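Some notes on the structure that comes next.
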Amino acid sequence: MVVFPSDHRLAALKSIGPKDLEGETFVTVSKTAPVLRVVIDNYLKHSGISITPAHEADHLAMGMALIASTGGVELLPAYAQNFLPSSVTSRPLKGDTPTAIWSSATKSRTSLQSSFCFRDWTSWSLVSGRRRIKAFVGSMARSKLPLAF
């Protein structure tokens, strides 16, 4: 979904296309959320637009503050809808939007293992364990395929 100030020009639209984001002050997630960052970057690349972020947000509250104070826009997962202050609103993306499913984490004797299931535009991929997640994100960042979220 696209998040922006409640009085932004995009608030008049029912859904937002990637081309609508061109020329906007763009806020993106920082590399503290590497999977989400790859998803957003690949979505923009797959959509054929080139956006240079003006700001990077380390966490959701920082993103909301940057959006409200700069009048910028940000792409975020749908769960962020539950945390929007009244000064910020959102609209869904038009077209084929990225999706992801997280599985629950399981605790082993030596470490916490997580599994993630990502859907790109061609297939599903299951990734389990910290090393494999890091390798998966790295390979997706280098690939031409967009990573879905």
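Looking at the range 18-48, which of its residues are more than 20 Å from Phe83 (Cα to Cα), under 15 Å from the mean Cα position of the chain (by Cα) and either assigned to a loop (DSSP other than H, G, I, E, B) or of a type outside the set (Val, Ile, Thr) (or both)?
Residues satisfying the conditions are Pro18, Leu21, Lys31, Pro34, Asp41, Asn42, Tyr43, Leu44, Lys45, His46, Ser47.
Given the conditions (1) modelled with pLDDT under 85; (2) surrounded by fewer than 18 Cβ atoms within 10 Å (Cβ to Cβ); (3) of a type in the set (Val, Ile, Thr), and given that Val35 satisfies all but one, which numbered condition is not satisfied?
(2)
Looking at the range 69-91, which of its residues are surrounded by fewer than 16 Cβ atoms within 10 Å (Cβ to Cβ), touching a residue at least 12 places away in the same chain (Cβ under 8 Å) and under 17 Å from Ala11 (Cα atoms)?
Thr70, Gly71, Ala78, Gln81, Pro85, Ser86, Ser87
Kindly provide the set of residues from the range 77-92 that are modelled with pLDDT of 90 or more and not hydrophobic (A, V, I, L, M, F, W, C), ordered by number.
If the condition is that a residue be modelled with pLDDT of 90 or more and not hydrophobic (A, V, I, L, M, F, W, C), then Pro85, Ser86, Ser87, Thr89, Ser90, Arg91, Pro92 are the ones that fit.
Scanning for something of a type outside the set (Val, Ile, Thr), part of a strand (DSSP E or B) and crowded, with 19+ Cβ neighbours inside 10 Å, does the range 50-57 turn up at least one residue? Walk me through it before giving the result.
Step one: filter the range 50-57 for residues of a type outside the set (Val, Ile, Thr), giving 50, 53-57.
With the extra rule that they be part of a strand (DSSP E or B), the set shrinks to 55-57.
Cutting the leftovers down to crowded, with 19+ Cβ neighbours inside 10 Å gives us 57.
Checked against the condition, which is being of a type outside the set (Val, Ile, Thr), part of a strand (DSSP E or B) and crowded, with 19+ Cβ neighbours inside 10 Å, the range 50-57 yields at least one hit.
Can you pull out every residue in the range 1-17 that is assigned to a helix (DSSP H, G or I) and surrounded by fewer than 16 Cβ atoms within 10 Å (Cβ to Cβ)? Working first, answer last.
Of the residues in the range 1-17, the ones assigned to a helix (DSSP H, G or I) are 9-12.
Answer for the range 1-17, where residues must be assigned to a helix (DSSP H, G or I) and surrounded by fewer than 16 Cβ atoms within 10 Å (Cβ to Cβ): Arg9, Ala11, Ala12.
The values are calculated or read from the model by the stated rules, or taken from the named source; none is laboratory data. None of the values given here were measured: they were computed from a predicted structure. Heads up, the Cβs are rebuilt from the backbone with ideal geometry, glycines too, and the neighbour counts pull from every protein chain shown.
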